[in-house]
Amino acid sequence: MTRTIAGRAVNPIGLGCMSLSWAYGVPPSEQEGARLLHRALDLGYNHLDTARIYGVGKNEALIGETLKGRRNEFFLASKTGIFVEGDGRRIDCRPEMIRGALEESLRLLQTDHIDLYYLHRRDFSTPIEDSVGELARAVEAGKIGSIGLSEMSADTLRKAAAVHPIAAMQTEYSPLTRNPEIAVLDACRELGTTFVAFSPVGRGTLCGTLRDPSSLPDGDLRRTLPRLMGDNWVRNLGMIDAFTAIAGTAGVTPAQLALGWLLAKGDHIVAIPGTSSIAHLEENIARSDWLPDGETVGRVDALLNERTVAGPRYPEAMQRSIDTEEFA
């Protein structure tokens, strides 16, 4: 079973590469990260997703150095628009910033062509039409194959698509996070845009193994997420345990159920679970051709949804940088 991005057939399960360099747990060594990337291609992963901010260039460099001899085996996606300066970061999607960032990504990735290049976040001070216009020129120059948006609304998607076709919209989507169901999934289907779901296993919570988020290493992004704190986590953990039971009834692992549930929501959806574990890498793709039946999907929908999950997905300060629709 394959799905398409920008007309290119890809495995419906791709690989989010962020955790090889940043954000979750302790990143693996470069040697371990390289071994995982090679194993991913050997297993059939043919859609790899990275971004400049992941390790402030280290993730792009890891992929470039490791896979430069296998570049024709995978669809490569990267992102720009978030810039780190000291301990802070800013969103900047002005055309001149996009031009410079793209050249640096090409250098780090050791390639002359990125298949899909995203605006990582909405720059509210720069018209989306101007940013997409610059990316359209990069398409014309052959430096990128297609344009994507990340964490943006249906309205922004339509404005962008009026300038140039948008190949992909990437946003968090899982049984725990249902915001794309408000408007973006329908807008993507309408415009022929592939929806790329990041954190499809609930940032690792739906694997059924995370019991105490406070035990995560310092610096782990998940320690800042309201859903994994205090009473919110106590409530959500009970539902996650019930989700694990549904997976057992279906004969799959909890992570496989989360991925199958997501793919069952539309044939224009692909998922990019991230991991630094080869065992989890193998588990995630092992049932990429499996979809749960309607009864199983219904049980998951009734258990985990915008009314039952406790806590917002981001802290307030981070939420202000997000353009996606929110439930009332």
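The values are calculated or read from the model by the stated rules, or taken from the named source; none is laboratory data. Here the structure is a predicted model, which means the values were calculated and not measured. We place every Cβ from the backbone using ideal geometry, glycine too, and count neighbours over all the protein chains shown. Accessible surface areas use protein heavy atoms only, side chains included; no ligands, DNA or RNA. Shrake-Rupley method; radii C 1.70, N 1.55, O 1.52, S 1.80 Å.
Element breakdown for region 166-206 at a 1.4 angstrom probe: carbon and sulfur atoms account for 48% of the accessible area. Phi-derived couplings, Karplus 6.51 cos²θ - 1.76 cosθ + 1.60 at θ = phi - 60°, listed residue by residue for region 260-266: x, 4, 5, 5, 6, 7, x Hz, with x used for Gly and Pro.
Does anything in region 158-191 have its amide N under 20 Å from the 7 Å Cα→Cβ label point of Ala328, and if so which residues? The answer is 178-186. Over region 111-248, accessible surface divided per residue gives 36 Å², non-protein components excluded, 1.4 Å probe. The stretch between Leu221 and Arg235, if pulled fully straight at 0.36 nm per residue, gains 3.0 nm over its current Cα-Cα span. The alpha carbon gyration tensor of the chain gives principal lengths a ≥ b ≥ c with a/c below 1.5, which makes the shape rounded. Taking trypsin sites (Lys or Arg not before Pro) that fall in a DSSP loop and have at most 15 other Cβ atoms within 10 Å as cut points, what is the longest piece of the chain between them? With trypsin sites (Lys or Arg not before Pro) excluded where exposed in loops, the chain gives 1-210 as its longest stretch. Considering only alpha-carbon pairs that sit under 8 angstrom and 6 or more positions apart, the relative contact order computed for the chain is 21 percent.
With the cut-off at under 20 Å, measuring from each backbone N in region 105-148 to a point 7 Å along the Cα-to-Cβ line of Ala183 picks out 119-132, 148. Tell me, what ³J(HN,Hα) does each residue in region 127-137 have, in order and in whole Hz, if you take phi through Karplus 6.51 cos²θ - 1.76 cosθ + 1.60 with θ = phi - 60° and put x for Gly and Pro? In residue order, the calculated couplings are x, 4, 5, 5, 5, 5, x, 5, 5, 4, 5 Hz.
Just to confirm my numbers, what's the Cα centroid distance between region 294-328 and region 178-196 in Å? Taking the Cα centre of region 178-196 as reference, the centre of region 294-328 is 15 Å away.
With R₀ fixed at 35 Å, the C-beta to C-beta distance from Glu306 to Asp130 puts the FRET efficiency at about 0.55. Based on DSSP H segments of at least four residues, each scored -39500 (n - 2.57), the chain has a per-residue ellipticity at 222 nm of -11500 deg cm²/dmol. Rounded to the nearest 20 debye, the dipole magnitude of region 42-106 is 80 debye, with +1 charges on Lys and Arg beta carbons, -1 on Asp and Glu beta carbons, and the Cα centre as origin. In the chain, the sites counted are chymotrypsin sites (Phe, Trp or Tyr not before Pro) in DSSP loop states with at most 16 other Cβ atoms within 10 Å, and the longest stretch holding none of them, exclusive of the sites, is 125-289. Distance between the 7 Å Cα→Cβ label points at Arg70 and Glu316: 4.6 nm. Let a ≥ b ≥ c be the square roots of the eigenvalues of the Cα gyration tensor of region 273-328; is it rounded (a/c under 1.5), or, if not, prolate (a/b larger than b/c) or oblate? Oblate, since a/c reaches 1.5 and b/c is not below a/b. Given axes a ≥ b ≥ c from the Cα gyration tensor, I'd like to know whether region 1-97 is rounded (a/c under 1.5), prolate (a/b larger than b/c) or oblate. In terms of gyration-tensor shape, oblate.
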